[in-house]
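Worksheet: the structure to be examined is printed underneath.
Readers should treat all values here as calculations from the given coordinates under stated rules, not as data from a laboratory. The shown structure was predicted, so the numbers you read here are calculated from the model rather than taken from an experiment. Here Cβ is always computed from backbone atoms with ideal geometry, including for glycine, and neighbour counts include all displayed protein chains.
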Amino acid sequence: MSQAYISRRRFLQTGSLALGSAVSGKLVSGAVSEPPIQGQPLAEFSYGDVLMSSDPHETQLRETHAVLMALSDDSLLKPFRQMAGMPAPGEDLGGWYHYNPDYDIRRDGNEGFAPGCTFGQWISALARSCAIHGDDATRDKVLRLNRLYALTISTDLYLKNRFPAYTYDKLVLGLLDSYSLAKDPDALAILDRTTDAATPQLPGHAVERNTPWRMDKDDPSWTWDESYTLPENLFLAYQRGAGRRYYDLALRYLDDRTWFDPLSRNENVLSGRHAYSYVNSLNSAVMAYLAAGSEKHLQAARNGFAMVAEQSYATGGWGPDEALRAPERDDLYASLRNTHNSFETPCGSYAHFKLTRYLLRITRDARYGDSMERVMYNTVLGAMPLEEDGRAFYYSDYNVNGRRVYHPARWPCCSGTLPQVAADYRINTYFRAPGAVFVNLYLPSTLRWRDGGAELSLTQEGDYPFEERMTIFVTSSRPTELALHLRIPAWAEGASVFVNGTRWKAPVVTGQFLPVHREWRTGDRVDLDLPLKMRLEPIDARHVDTVALLRGPLVLMAVKEAPESALPKVSREELLSASRLSERQWRVDASGGPVKLLPFTSLGALPYTTYLTVSRS
């Protein structure tokens, strides 16, 4: 077994499985003892506090925002108006978004699968963009769409929809973000009317996926709704002032008996569950801790995350064919040949980013930031752009004959989450506590905020993760004492930090945040060097010769001459000796011939493989 795999398992077992009480110091039964969490959770900065200057991140936001702004109001409202029995002018968007009253999945496939399902996500994404740029046209569109939607509110939307809980959940978040980010004064009133219409048509409690609860429906897709994901946004509604009813609803939909209770006892019950929605439901468990103080649910979320990480690919992605797997199985290894649907990328990364963000804020464990970074660079940042006709990138492909392609359906669920992910890079990058800022992601960006009476900014420059050094420049309107916490990735052995050219005196420990505490003045500079050494990660403990090559957080993927062509045989030593040809291209000079390597973000239309079988030398 490789040292990299052993190290990963050790982190998962000791770094994520146990949690002490933030109040009493007591531990959930069955957990491994750890010190209590100290202090309040780290706070998020607002969307507008961070100016992003990383081109791939900015491009993804700009392109998704342009697609949403170009969609006509009538097209967006069409399925809602149709289900409410109202006149519905305008172009039909088609695909999943289309409403077909006679839809049958066995006959109609993707056309009409989930009518209007992404509307709430798009409203949320537009509200987030509004908070970033303060754009009047974006805010006007959010407010206008909310008022047009309000005219369509009826129980018919939920009676005629195979995903009533899913649709309601997305509408809740869209209206909450409209209220808090786009400053829509009517959003909470529209939310109350939405809740009045939805709740009579929802199950009275969380229902496991694939469990019938509408007995008049024989189509199996009517059992695919996701009521168990509702609590996260319902708790958020309560926290943002929507009222006690949302807190009570959130408690009702916590999926405790078959999901959170066993997870809190460290019992692995992941096998066979729908990957994205059940990982997303772990965010509901975290919110049960943040809003209701439930340590059991936080324990469930941490244990569940560790179990998912144990069955993740080197990219950080998980859930081949949208299913979580049993532990200690060969399922990931087998998936390299039996599926191209390796990771539901925009939706999965959205759930993953939320979960790692929550857990990092609560625990201050830098390794959640490592996980977020790995998923960002190796999955969603390389997603193909959302197109104006509804074509969307859905699955990352880790097959031995990998390819990057659009999903066959137009306007699938991933067309809703990609715009949200693109906005959220900002709130994933920095966090704050009294007298402290935590730098989580190393991205060219500028953070501006106030601390007491001082106005401060941090500006990151550099080309990480392609180059080892990032530089942070400080400005402050007056000398200010502040602890600047820098995430030192678990893989970054030999990392070093310099302040104004002098090496920082404290030890640099991998897998932790390094606090740099001093009085800061305008012109101060921090240089962070993170050695980008090559390393190998096997697909699992039983197939140690099937490996991915990583350099820092990046997985370097082997390019193929043709989709089904074989690659030259390569040894471990040859793979680890890959040489750099250009900023984003490497080559292995194997005895059987050269192998070109690229990160996921640079593959374009080239065929590739994520894992190679190395020969024994």
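Whole-Hz Karplus values for region 268-280 come out as 7, 10, 6, 3, x, 6, 4, 5, 4, 5, 6, 5, 4 Hz, taken residue by residue from phi with 6.51 cos²θ - 1.76 cosθ + 1.60 and θ = phi - 60°; glycine and proline positions read x.
Among residues other than GLY109 with Cβ under 13 Å from its Cβ, the summed charge is -1 (Lys and Arg +1, Asp and Glu -1).
Based on the Cβ-Cβ distance from THR258 to ARG478, what FRET efficiency comes out when R0 is 56 Å, to the nearest 0.05? According to the calculation, E is roughly 0.50.
Cross-link reach is defined here as a Cα-Cα straight distance under 27 Å, omitting same-chain residues fewer than 8 places apart; for LYS354 the lysines meeting it are LYS26, LYS141, LYS170, LYS183, LYS296. The mean sequence distance of close C-alpha pairs (under 8 Å, at least 6 residues apart), as a share of the length of region 436-529, puts its relative contact order at 31 percent. In order along region 448-465, the Karplus-derived 3J(HN,Hα) couplings, from 6.51 cos²θ - 1.76 cosθ + 1.60 at θ = phi - 60°, round to 10, 7, 10, 10, x, x, 9, 9, 10, 8, 10, 10, 9, 9, x, 10, 4, x Hz, and Gly and Pro are given as x. Region 64-137 and region 352-428 have their alpha-carbon centroids 21 Å apart.
For n ≥ 4 DSSP H runs only, could you compute -39500 (n - 2.57) per run for the chain, divide by its residues and tell me the 222 nm figure to the nearest 500? Taking each H run of at least 4 residues, the total per residue is -11000 deg cm²/dmol. Legend: calculated FRET efficiency, ASP186 to GLN40, from the Cβ-Cβ distance at R0 = 35 Å, rounded to 0.05, equals 0.60.
Residues ARG144, ARG391 in ascending order of nearby Cβ atoms (within 10 Å, fewest first): ARG144, ARG391. Out of every Cα-Cα pair that region 470-596 contains, those further apart than 20 angstrom amount to 58 percent.
Label separation (TYR333 vs SER579): 3.4 nm, computed from points 7 Å beyond Cα along the C-beta direction.
Relative contact order for the chain: what is it in percent, counting Cα pairs under 8 Å that are at least 6 residues apart? It rounds to 13 percent for the chain. Across region 494-507, computed HN-Hα scalar couplings (Karplus, 6.51 cos²θ - 1.76 cosθ + 1.60, θ = phi - 60°) run x, 4, 9, 10, 10, 10, 6, x, 10, 4, 5, 6, 6, x Hz from first to last residue, x flagging Gly and Pro. Region 455-516 and region 224-269 have their alpha-carbon centroids 38 Å apart. Starting from the Cα of ARG521, move 7 Å in the Cα-to-Cβ direction to define the label point; list residues of region 484-512 whose amide nitrogen is under 20 Å from there. Flagged as within label range: 484, 498-505.
Note: region 436-529, Cα convex hull, 84 Å³ per residue. Maximal additional length on extending the ASP92-SER72 stretch stands at 6.2 nm, based on 0.36 nm per residue less the C-alpha distance. Kirkwood radius for the chain, taken over all pairs of different Cα atoms as the inverse mean of 1/r, rounds to 25.1 Å. The relative contact order of region 156-200, computed from alpha carbon pairs under 8 Å that lie at least 6 residues apart in sequence, is 35 percent. Each residue in MET215, MET470, MET307 was given a count of other beta-carbon atoms within 10 angstrom of its own, and listing them fewest first yields MET215, MET470, MET307. Ordered by the count of other Cβ atoms within 10 Å of each Cβ, fewest first, PHE343, PHE438 give PHE438, PHE343. Rounded to the nearest 0.05, the FRET efficiency derived from the C-beta distance between ASP102 and ALA562 at R0 = 51 Å is 0.75. Put simply, the amide H of SER615, placed in the peptide plane, has neighbours under 5 Å in VAL570, SER571, ARG572, leaving out anything fewer than 5 places away on its chain. Please label the shape of region 467-512 as rounded, prolate or oblate, based on the square roots a ≥ b ≥ c of the eigenvalues of the alpha-carbon gyration tensor (a/c under 1.5 means rounded; beyond that, a/b larger than b/c means prolate, else oblate). Because a/c hits 1.5 or more and a/b exceeds b/c, region 467-512 counts as prolate. Modelled label positions at PHE466 and GLU111, each set 7 Å beyond Cα in the direction of Cβ, lie 4.4 nm from each other.
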